[in-house]
Amino acid sequence: MLKLKKSKVTEPEKEFDDKATKNKNLVSEKSKYPYGFITIMSILVVAILATGILTSAQIHEYRQNYEKLQKSKRTYMDLRVEYRRLLIEQQTFSTTQTIASRAVTELHMYFPSFSDKMILQPYWSKQQTNQTNSSNLNKPKPTTKNEEVSQ
């Protein structure tokens, strides 16, 4: 087997090794974060996560409320259209009833009975019936202005 010779470490190399280990210790000590910094960073991370979650929850709630608002607006418009239709229907039905009730109460009007009804014929119709109907010959003819002047 091969035997390795022990090499003697010289002073400058020893100093170099001591400095390297010191530097390693310094780097490792500097790379370690103090307890307060880690606490603050963890609090900030938790706060950022909580803010994100709460923001998304509020956006979700906003969208739900907006959807409810739109449904309420549609319902309002539908009810408004139906209300207008009902107003027109009410005016249509109430007009005849109102006129009839006012005629009876204020003007003392009434619906005539059959005995109160009289059928009238127009004047030209009477002339036609007088000419065609022989039974009406005994009745005097209507006089004109020329005949009245001559008599």
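Just so you know, all these numbers are worked out from the coordinates, no wet-lab data involved. This structure is a prediction, so every number in the text was calculated from the model and none was measured.
Report, to one decimal in Å, the Kirkwood hydrodynamic radius for region 50-102 based on all distinct Cα pairs.
14.6
Report the extension gain between Thr95 and Glu82 in nm, rounded to one decimal, defined as 0.36 nm multiplied by the number of residues separating them, less their alpha carbon distance. Write down the numbers at each step before the final one.
On the way: separation 13, 0.36 × 13 = 4.68 nm, distance 1.98 nm.
Between Thr95 and Glu82, full extension yields an extra 2.7 nm.
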